[in-house]
Each structure stands twice: as C-alpha cells, then as structure tokens.
1. Quick one: Karplus J couplings for region 218-223, per residue in order, coefficients 6.51, -1.76, 1.60, θ = phi - 60°, nearest Hz, x for Gly and Pro?
2. Under the definition of Cα pairs under 8 Å and six or more residues apart, what whole-number percent is the relative contact order of region 210-349?
3. For region 207-213, take each phi angle, set θ = phi - 60°, evaluate the Karplus expression 6.51 cos²θ - 1.76 cosθ + 1.60, and give the result in whole Hz per residue in order, putting x for glycine and proline.
4. Report, by chain and number, residues whose modeled amide H sits under 5 Å from the one on His247, excluding near sequence neighbours (fewer than 5 apart, same chain).
5. If you take every DSSP beta bridge fully contained in region 203-349, what fraction is antiparallel? Give it as a percent rounded to 5.
6. With a ≥ b ≥ c taken as the square roots of the eigenvalues of the C-alpha gyration tensor of region 262-349, please select rounded if a/c is under 1.5 and otherwise prolate if a/b is larger than b/c or oblate if it is not?
7. I'd like the Karplus ³J(HN,Hα) series for region 301-307: coefficients 6.51, -1.76, 1.60, θ = phi - 60°, whole numbers in Hz, and an x wherever there's a Gly or Pro.
8. Compute the Cα gyration tensor for region 173-295, then decide on rounded, prolate or oblate, letting a ≥ b ≥ c be the square roots of its eigenvalues: rounded whenever a/c is under 1.5, prolate when a/b is larger than b/c in the other cases, and oblate in all that remain.
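All of the numbers you see were taken from the coordinates with simple rules; none came from a lab. The structure presented is a predicted model; accordingly, all values stated were derived computationally and were not measured. Don't worry about glycine lacking a Cβ; one is built from the backbone with ideal geometry, like all the others, and counts go over all protein chains shown.
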Amino acid sequence: MNTTPSSSTPDSTSATAADRPESDQDQSDQDQSDQDQSDQDQSDHDQPQVDATKRMRPVGERALVLGGGGSTGNAWLIGVIAGLFDAGLDVTGADLVIGTSAGSTAAAQLAGASPTELLSAILAAAPQQRTDPVGSGSGRVSSAAGYMDRTAKIIAAAEDAADMRRRMGAAALEMDAASDGSGQSRWRATVAARLPIQRWPQRTVLITAVDAQTGEPVVFDRHSGVELADAVAASCSSGFAYRIGDHRYIDGGYRRNENADLAAGYGRVLVLSPFGGRTRTPLDWGLHLAAQVDELRARGSRVATIFPDSDSEYMFGANAMDLSLRPAAARAGYEQGRALAGQLVEFWR
C-alpha cells in the first residue's frame, strides 16, 4: 500500500497506472513482456537440469562406488575390478556406478571396455617417469606436494565443509584468472584420450564435481547436457577450475572422497576407496567414508568396502600422481580383487 501523503493542492488527483486508460502502446508493451516471459519459461524448460541429484531416484539393487585417489588410485581401482572379474565376480553390471575424481575416470573407462582390457593397457604402457600432476602455465599447482600444502591450509582455515568448498573454488578461480587459459583444452584432451568411448552409457553413472563459483556440489549424469569427457575432466581436476559452459568446476573429491551416500536406497553398495576411507578434513565435518557407510546402513543398505592393503598404501597419498607407480598399483589391486572375490559373491549376487 502507498502511504505517501497526497498533494495538498485542492481538487488535485493523481491516477494510478490501474486507473489510466490503456493505450495501444501500453497494450503492445504488455504483450511483448508476456511473450518475453513465455520465451524465458520455454527456454528454462528446454535447458537440461545439470545436477542429477534433483531428479534421481533409487532404481535397482546394486551400486558400485569408485572413490578418488589420483593416478595410482585409478590403476588400483581397475586392478581390483579386473581381479574380481577374473575370479568370477563381475561388478561392472551394477545398476548404479558412482565415480569421483580418479574414480570418475574409472567409471567412464569401464563403460567402454572390459576390466581385463583396461588392466592390460595399464600394464602394457611404456614405463613412465615420476611426474607432477599438472603442466606449467595451466593455472594448476606445479607439484603434488605443493597442492597438498596449499589445500591443507585452506582446510585448516575453513569453518565447515561448505566453507571449505567455497574457499577451494575461490582459490581455483584465482589461479584460473592468472593463467593463460591453455590448460583447459590440454586437460580435456588428456582426459578424453583415456576414455574408450566418448558417450555416456545407458546405465546410470553419476560423476561428481563442485561448482567453483558457489561451492555447491554437483552430480552429472547422461541427462545433464554435459559431455562425458567434460564431466570426468571436471571431477578429477584437483585444484584447477574446469570450465563447462558458463560454469567452472573443481574436483568431486571436495564433496566427499567417495560420495557413497549418493547410493542411498540401493540394497547392496560396494565401495572401493584408494585412500582407505580416510579424509584430510576434520571428522566432525562428516566427510569420511565411515560416516557415509553409517548413512547408507541407516537407510537399509548393505555395504562392503575394499581398501588398499598395507603393502600398497605407499602408492597413494603424496604418491598418488606418480605415473611410474601405476603398473604396481594395478597389480596390487588385481591380487586383492582375486583374493576377495569369494567373500563378496554372496554379498553381490
């Protein structure tokens, strides 16, 4: 209600817009406004809903969760699944596959090739020298040690998980602004070259990331309107702000390293965690795997986890980006898979 005093001039009146006769121009302006709104509504309707969590419903019984863990973690994941496969347990037919960071690469790779083929490719690859996770000029950190140190300071300064994600995103955007921008295309080409196929599979695969501009977690699937290689590149981007359209994304591990909670509602959930379920964040933030498992079990899921054994733990953590360790990590995972298959048959089938 308008409470402004009226003019003190006697007999003066002021017509409101509702009181004035409507001119042809007014009607034309209104018609155009209505049309603009209709076009916007239609455009919004036509746009794919990027975040899969806003539309996903549990459909199926078995879920496979592939956690983050760097280059060696990816090799270990493939090794475990190949070992299970060769021992008679095929987990690649899961109703749901969740991939985070290095696990997103494994999830996409398994959609286009058999575990045996992927393992053979790792073992047949030419010997690699120890390498840093990123190249110069890309706006990403120059070494694994530098990355760990920088992110540890951000975690220590953060008030909670949401604040940590916002700070990680802001730091990535700051580095992005200072870079020459060439890292984006190089990283995408690197990721795409790792994938046997470039299209999303028909079965449900979820790939996690975090919006660098808002700090909000995002989950991609085949309905998100995002190409598979871009989703994977975002999920395993570490501290690099990866661009998809008008948005920038950082590593899905900043949501949670495994993101097993996305399998809520599935009867059986198998979690492979290269980092052994550990987290670098305070336990009261609830990002560690044990908290995720508790959430799943509270919803009625049966959960099994596989971690690297004590003999192979050295290949993860600070060594996770050492390409020269990939064959050893794959072999270690393979032996674990073969040894564990018998124990998991009843659980999975």
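1. For region 218-223, the Karplus-derived couplings read 9, 10, 9, 9, 5, 9 Hz, x marking Gly and Pro.
2. Relative CO of region 210-349 lands at 18 percent.
3. Working through the residues one at a time gives 10, 9, 7, 9, 5, 5, 7 Hz.
4. none
5. The antiparallel fraction comes to roughly 65 percent.
6. Oblate, since a/c reaches 1.5 and b/c is not below a/b.
7. Per residue, the Karplus-derived 3J(HN,Hα) values read 7, 8, 10, 10, 10, 10, 10 Hz.
8. In terms of gyration-tensor shape, oblate.
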